[in-house]
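Laboratory data are not the source of any read-out in this text; all were calculated from the coordinates shown. The shown structure was predicted, so the numbers you read here are calculated from the model rather than taken from an experiment. Cβ placement follows ideal geometry from the backbone for every residue including glycine, while neighbour counts extend to all protein chains displayed.
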Amino acid sequence: MAHNKSKPAHPAWLDAALQYVARWMDFQVERYRQPGCSIAIAQGGKLVAEMAFGAANLRTGQAMTPRHRLRIASHSKAFTAAGVMLLREQGKLGLDDPIGRHVSGLHKDLARARVGELLSHGAGVIRDGDDSGQFMDRRPWFSREELRADLARRQPMEPGVQLKYSNHGYGLLGLLIEEVTGTDYSAWMTRNVLQPAGLKETTPDMPLVPKSARVAVGHSMEFPFGQRLLIPCDAPCNAITPAGGFVATAADVARFFSQLAPDSKDSILSPASRRDMAQRRWRDPYNNLESHYGLGTMASAPGPREWFGHTGSLQGFVSRTARFAASGYTITVLCNAIDGLSWAWADGIESILETFKAHGAPGKREAAWAGRWWSIWGATDVVPVGKVLYLVSPAMLPPMDANSTVCEVTGKDRAAFVKTSAYNSPGQHMRLVRDSKGKAVELWTGGSKLLPRDKLVEEATQRYVSVPRR
């Protein structure tokens, strides 16, 4: 069951969209056997909605709520980058400064790398050291001494060659912040970034989370263990905190990334700094998703559905935040399982918002059709949007796009297919069958009869009686 906390005074279309987002996400978490998920949607730096689904801890059965904090892993890089950009605005460093000007003890080649190259993962720094067992819970996260020892060695690549993602590189940016400010990284970030941004449910690392706060537990995949294993993921990230240590609610993450949009009116950074952060600096030539990196932010290719934001992966947790340029909405999805569908779910939520925005809230006649129907092939949602009905497979990712099946209501309990695949039922009709009390008990799409879930389960179970093995 979803915990849904939407904000008031929405346009009618947005209220309708959020209702279906909650219904779709509830289905997704159950269908894909996920432990739990927390999502938030923001615009212009302000929260629009927050929802939670499933369990924060499968062992105890504790329900996930919007107030649960999760490890957000590499989302941390955007916070660190914002801190560096703030110091630049204060005139304390420049993006073209060689990092060796501020941090001593580095290999001479690395010392020449520019601050901007570190922010954009263009400095050639080793990703996670020679032993990245910290991601497998086989070793603690790197101490400052261990990080500095690795940074004193020759790095795998020269600066300025290509995108080379590096947690060590962002650990070095944490050292930069400490050297420039003379203050502990976590303390400085809390005082100068988190608090001014209004983030009350975010800390730079797990040991700093208040004991009174609710924290979700991570989970393994179900395969190959035959069950999901609990992964506490409560170890401090130490010197890698600037790259992956942050713990937050989905609401705080969505608010922060929404504030990073260049057109946001509420931000700790100037519009110029935010434009610099969102600008595409490097392209990954071997990624089918056309992935780019800016200054502490990931980005898609330009286009009608372009976005910037970040993702995160730490044992037991995966997450994604995307600020979609066309709609202006920032969507954060935090999952407490290592195989969580955060990437696809963010795109799916955006597809729902865009569809409702384009068509508007459903009319009274269309709204009466809303419902979920079942066959042995799965579920079908009838989703009223504006003056049409969308037929949606809630198992699909994304659920709505330009190829979705669309019907128009033609009479009482009848609708016609106006857009559908040639392999579906073009030119045919959809109809509802009601019982003596007027309750809809069947949905016919073309020649296919769909039933409520309990009736389908009853029918199929009786038909397909399992035969005991001999």
When each of 46/387; 77/164; 364/419; 200/357; 357/387 is checked by Cα-Cα distance, pairs over 19 Å: 46/387; 364/419; 200/357
Determine the relative contact order of the chain: mean sequence separation of Cα pairs under 8 Å and six or more apart, normalised by residue count, in whole percent. 16
Order of 396-402, 431-437 by packing, highest average Cβ count within 10 Å first? 396-402, 431-437
Charge context of residue 305, other residues only, Cβ under 15 angstrom, K/R +1, D/E -1: -3
Among 277, 243, 218, whose Cα sits farthest toward the positive end of the charge dipole of the range 205-282 (+1 at Cβ of Lys/Arg, -1 at Cβ of Asp/Glu, about the Cα centre)? 277
Taking 7 Å along the Cα-to-C-beta vector as the label spot, tell me the residue 130-residue 419 distance in nanometres, rounded to one decimal. 5.9
Does the range 314-470 classify as rounded, prolate or oblate by the C-alpha gyration tensor (a ≥ b ≥ c root eigenvalues; a/c under 1.5 gives rounded; else a/b over b/c gives prolate, otherwise oblate)? oblate
So if I take the centroid of the Cα atoms in the range 84-112 and the same for the range 370-409, what is the distance between those two points in Å? 53
For residue 370 and residue 89, extending 7 Å from Cα along the Cα-Cβ vector and measuring point to point gives, in nm, a value of 4.1
Candidates (1) 12; (2) 17; (3) 22; which is the computed percent of Cα pairs over 43 Å apart? (3)
Name the chymotrypsin sites (Phe, Trp or Tyr not before Pro) in the range 388-470 that are in a loop by DSSP and that have at most 11 other C-beta atoms within 10 Å, would you? 423, 464
Assuming a ≥ b ≥ c are the square roots of the Cα gyration tensor eigenvalues, decide whether the range 195-299 counts as rounded (a/c under 1.5), prolate (otherwise, with a/b larger than b/c) or oblate. oblate
Suppose only helical runs count, i.e. DSSP H with n ≥ 4. What mean residue ellipticity at 222 nm does that imply for the chain under -39500 (n - 2.57) per run, divided by all residues and rounded to the nearest 500 deg cm²/dmol? -8000 deg cm²/dmol
So how do 453-463, 55-65 stack up, highest first, on mean other-Cβ count within 10 Å? 55-65, 453-463
Compute the long axis of helix 453-463 from its Cα atoms, compare it with the longest principal axis of the Cα atoms of the chain, and write down the angle in degrees, 0 to 90, nearest 10. 70
Give the angle, between 0 and 90 degrees and rounded to the nearest 10, that separates the Cα long axis of helix 250-259 from the longest principal axis of the Cα atoms of the chain. 70
Assigned charges on the beta-carbon of Lys, Arg, Asp, Glu; the range 349-414 dipole about Cα centre (debye): 320
Mean Cβ count within 10 Å, highest first, over the residues of peptides 45-53, 287-295, 313-321: 313-321, 45-53, 287-295
What's the angle, to the nearest 10 degrees (0 to 90), between helix 167-181's Cα axis and the longest principal axis of the chain? 60
Neighbourhood charge, 11 Å Cβ-Cβ cut-off, centred on residue 116 and excluding it, Lys, Arg +1 and Asp, Glu -1: -1
What list of whole percents do you get for P(r) of the range 116-207, with Cα-Cα distances grouped in 5 Å bins up to the one holding the largest distance? 2, 13, 19, 21, 20, 15, 8, 2, 0
Roughly what would the spin-label model give for residue 270 and residue 162, points 7 Å off Cα along C-beta, in nm? 3.5
Determine the gain in length on full extension of the stretch residue 339-residue 327; use 0.36 nm per residue of separation and subtract their C-alpha separation, reporting nm with one decimal. 1.5 nm
If the chain between residue 19 and residue 107 were fully stretched, how many nm would it gain, using 0.36 nm times the residue separation less the Cα-Cα distance? 26.2 nm
Can you give the FRET efficiency to the nearest 0.05 for residue 448 and residue 211, using r as the Cβ-Cβ distance and R₀ = 51 Å? 0.40
Dipole of the range 362-470, positive direction: furthest Cα of 433, 420, 398, with charges on the beta-carbon: 433
Only four residue types carry charge here, +1 at the Cβ of Lys and Arg and -1 at the Cβ of Asp and Glu. Report the dipole size of the chain about the Cα centre in Debye, rounded to the nearest 20. 1080
